[in-house]
1. What do you get for the angle between helix 156-182 and the principal long axis of the chain? Use alpha-carbon atoms, 0 to 90 degrees, nearest ten.
2. Using the Karplus equation 6.51 cos²θ - 1.76 cosθ + 1.60 (θ = phi - 60°), what ³J(HN,Hα) coupling, rounded to whole Hz, does each residue of the stretch 315-330 give in order, writing x for Gly and Pro?
3. Over the alpha-carbon set of the chain, work out the extent along each principal axis and list the three values in angstrom, largest first.
4. For the stretch 341-430, which GluC sites (Glu not before Pro) are in a loop by DSSP, counting at most 14 other Cβ atoms within 10 Å?
5. For Leu18, list long-range residues whose amide hydrogen, built 1.01 Å from N in the peptide plane, is under 5 Å from its own amide hydrogen.
6. For Ala142, what charge total do you get from the other residues with a beta carbon under 15 Å from its beta carbon, if Lys and Arg give +1 and Asp and Glu give -1?
7. In whole angstrom, how far apart do the alpha carbon centroids of the stretch 1-35 and the stretch 282-298 sit?
8. Can you tell me the relative contact order of the chain? Whole percent, Cα pairs under 8 Å, sequence separation 6 or more.
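Each reported figure results from applying straightforward, stated rules to the coordinates on display, with no laboratory input. Because the structure is a prediction, the values reported are computed rather than measured. Cβ atoms come from the backbone with ideal geometry, glycine included; neighbour counts cover every protein chain shown.
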Amino acid sequence: MAEGKTARLHLEGKDYDLAVLSPTAGPDVVDIRKLYGDAGVFTYDPGFTSTASCDSTITYIDGDKGELWYRGYPIEQLAAQSHYLEVCYLLLYGELPNPDQLLDFETRVTRHTMVHEQMHYFFRGFRRDSHPMATMVGVVGAMSAFYHDSIDINDPVQREIASIRLIAKVPTIAAMAYKYSLGQPFVYPRNELDYASNFLHMCFSVPAEPYHVDPALSRAMDRIFTLHADHEQNASTSTVRLAGSSGANPFACIAAGIACLWGPAHGGANQACLEMLREIGSVERIPEFLARAKDKNDPFRLMGFGHRVYKNFDPRAKVMKESADEVLDLLGVHNNPTLQVAKELERIALEDEYFVSKKLYPNVDFYSGIILEAMGFPTSMFTPIFALSRTVGWISQWKEMIADPQNKIGRPRQLYVGAPRRDYKPLDQR
Ligand code: SDX
């Protein structure tokens with residue numbers, strides 16, 4: 001970071017010079033690390049709309065230009081030319097792998113896709129109708145009860161094996177959660193299949209008959225994984241970093257990230273978006289729902305629209321929209337009524353003054369659910385798929401934080417607006 005620029009704060013007759021740090025790309029930051037010590041004041045930023053929580057080399061987002069880079073590579077190029085495990089390598093290690101490095105990495109991940117056999121018993125404790133995200137939070141967190149040889153965060157070798165285990169096993173756990181909800185037997189991973197094909201196989205094959213993974217669907221699945229792999233300091237990634245800053249083991253941190261992602265304002269939006277599109281049901285009902293989205297007294301929001309950072313098109317949504325057309329044509333469901341409603345809703349919303357003025361564009365969750373539904377997934381599996389895709393981003397950000405010599409426990413302060421100091425009043429005096 002280039003240094004030299006300063007910002008001056010004038011407070012109660014005194015001036016405080018704060019260093020301004022310049023990034024590779026994006027806005028400068030005002031370094032306030034010494035502000036409380038020097039000036040005795042906190043900054044105030046609920047929701048962190050103007051706060052950089054860390055410095056990072058992993059992912060860059062430009063909300064105005066609608067740009068997303070993984071380690072400097074634009075998402076459009078990676079979605080078109082790379083594949084998910086290569087993107088995992090890039091996010092984890094910072095550079096694209098050469099052929100030997102890629103083969104070694106893919107082999108290491110493949111050889112860790114099975115879970116400890118006793119983990120099957122965890123599922124038995126859940127109701128069959130449990131949401132798969134509830135199951136994933138529980139079982140991923142429980143990995144720390146099995147993989148004791150990869151929970152010492154101070155040992156880089158253990159950090160590496162924990163990273164590989166999580167990337168390899170979270171899809172298996174997600175598929176197991178799905179199978180458990182169906183009352184079908186768990187399907188073991190197959191080492192001859194690529195990552196996305198293996199996931200589809202574990203979700204959709206049954207022991208009673210052969211299952212053929214359609215290469216085109218596998219490519220679409222792989223592209224969805226790539227588009228969701230990382231996204232700077234979003235809510236769930238910040239959760240993983242905060243949990244990791246206390247020294248919690250990587251499995252516990254990723255379970256915390258899964259829990260945060262579940263919310264409908266975040267990763268849960270893909271499920272909520274498809275359920276909303278189904279509720280709208282026909283293009284004729286779109287105006288009714290747009291009116292509700294604009295009504296301040298109605299908590300309803302247009303799911304799949306808007307973003308804290310993107311005030312232009314979410315570049316992932318553009319790629320996802322193209323993929324939706326391809327997958328639905330491939331499956332012969334191009335006149336899918338939900339897709340028709342989605343496209344018409346997008347067209348109308350992007351012309352509507354309310355959405356234009358508030359810069360509310362479709363985000364990554366707007367089209368993903370349409371593809372996943374067409375591929376045969378129930379809406380309850382949409383966020384688990386987001387979670388397994390994002391595991392590499394969470395673990396890459398966690399590794400970056402743990403390896404940072406400046407790393408310390410995250411502990412925000414507050415603006416206290418509660419009761420002033422007062423003495424206890426005995427019961428007979430109240
Ligand atoms: C993800 O952070 C990430 O990077 C997340 C993510 C990732 O990859 O990790 O990109 C994944 O979470 C995508 C977002 C998925 N969520 C949704 O689709 C849910 C619907 N969207 C909204 O809840 C909302 O847009 C957020 C939560 C995504 C962003 O909220 P902000 O930035 O805090 O914006 P805001 O709530 O302050 O809204 C600004 C204005 C408000 O109106 P005013 O108070 O200014 O009058 O826009 C309105 C909001 O009411 N608004 C919407 C809206 N989103 C915002 N109005 C109607 N429908 C919406 N979807």
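1. Once rounded, the angle reads 60 degrees.
2. The phi angles translate into x, 6, 5, 4, 5, 5, 5, 4, 5, 4, 4, 4, 5, 5, 5, 4 Hz.
3. 78, 64, 57
4. Glu351
5. Correct list: Ala7, Arg8, Leu9.
6. With Lys, Arg at +1 and Asp, Glu at -1, the neighbours total +2.
7. Cα centroid to Cα centroid, the span is 44 Å.
8. 19 percent.
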